[in-house]
Amino acid sequence: ETGVTQSPTHLIKTRGQQVTLRCSSQSGHNTVSWYQQALGQGPQFIFQYYREEENGRGNFPPRFSGLQFPNYSSELNVNALELDDSALYLCASSQRWSEQYFGPGTRLTVT
Amino acid sequence: SQQGEEDPQALSIQEGENATMNCSYKTSINNLQWYRQNSGRGLVHLILIRSNEREKHSGRLRVTLDTSKKSSSLLITASRAADTASYFCATDDAGGTSYGKLTFGQGTILTVHP
C-alpha cells in the first residue's frame, strides 16, 4: 500500500506568478484535503475534495483553487502569488469520515 | 483560525520520563485527533478519539477527552529521544458542512534528551 505523495518537494516562485502543487492519494482513499502551514503555526484547512467535487473550504481567497481527478489524485493551484503564501502545503487523503493521512508536504517560497 | 490551544508551547524532558500535552478547543466536535510532525515535514497520525469516548490507548500513548471542559490530553510514557517532535491536536468540528475539516492548534514542541 503506497502512502500519500506530493510533488514537488520544494519550490521557489516570484510574487505574482502561479503555482501548481500535486498530491497522490493513498490507495483506496476517495477524499483529499489541502492545508497550509506557515512557519511555527499549525496547519490551516484550505479545502477538501470528495469524488471530484469541492466539499468544504476554509478562509482562503478564490485565487486558491483545486481539482480532484478520477483516480482521486489532486492539484492545488495558487494564482497571483503573494509573499505570505510562503508556507508548507500539506495534502491529506482519507476514506470519507475517517482519519486523514498526510503527505510529506511541498515547501513553497515566494520571493 | 486556530480552534485548539495547546499547552505547554514547549516541553523539555529526559529520556524515560513521561510527557503530557494538553489541548483546549472551543466548539462541539465529532472527534479529536493527535498528530506528530518531525522537522516541518508531513504529519503522522497518532490517535483519534471520538466525542463519545473518554480515554484511548495506543502503545505508549494515552489520550483523554473531556467534552464538558472542551479539553484533551496526550500522555507519552517512557519517552525516547526519537519522540522529539512537534505534537498537534486537531478537531473535526460538529455541525460543519464538510466532515473531515480539521482545525489544528499551534502545537507543542517536545524535546527528549538522551
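Answer with yes or no whether residue A:41 is assigned to a loop (DSSP other than H, G, I, E, B) and open to solvent by 40 Å² or more (accessible area, probe 1.4 Å). Spell out how you get there, then give the answer.
Details: assigned to a loop (DSSP other than H, G, I, E, B): yes; open to solvent by 40 Å² or more (accessible area, probe 1.4 Å): yes.
When the stated conditions are applied, residue A:41 passes them.
Please report, ordered by residue number, the strands (runs of 3 or more DSSP E) entirely within segment A:58-111 with at least 3 residues that are farther than 13 Å from residue A:33 by Cα. Break it down stepwise before answering.
Details: elements: A:64-68, A:74-78, A:87-94, A:106-110.
In segment A:58-111, A:106-110 are the strands (runs of 3 or more DSSP E) which contain 3 or more residues that are farther than 13 Å from residue A:33 by Cα.
Residue B:67 passes all but one of (1) within 14 Å of chain A (Cβ to nearest Cβ); (2) open to solvent by less than 50 Å² (accessible area, probe 1.4 Å); which number fails?
Result: residue B:67 fails condition (1) only.
Could you say whether any residue in segment A:8-17 is under 10 Å from the mean Cα position of the chain (by Cα) and more than 10 Å from chain B (Cβ to nearest Cβ)?
Of segment A:8-17, the ones under 10 Å from the mean Cα position of the chain (by Cα) are none.
No, there is no match, as no residue in segment A:8-17 is under 10 Å from the mean Cα position of the chain (by Cα) and more than 10 Å from chain B (Cβ to nearest Cβ).
Scan segment A:22-38 for residues that are crowded, with 23+ Cβ neighbours inside 10 Å and more than 8 Å from chain B (Cβ to nearest Cβ) and report the count.
Within segment A:22-38, residues that are crowded, with 23+ Cβ neighbours inside 10 Å and more than 8 Å from chain B (Cβ to nearest Cβ) number 4.
The values are calculated or read from the model by the stated rules, or taken from the named source; none is laboratory data. Since we're looking at a predicted model, the values are computed, not measured. Neighbour counts are summed over all protein chains in view; Cβ atoms, including those assigned to glycine, are modelled from backbone coordinates with ideal geometry. Note: accessible area is taken over every heavy atom of the protein model, side chains too, but ligands, DNA and RNA are not part of it. Shrake-Rupley method; radii C 1.70, N 1.55, O 1.52, S 1.80 Å.
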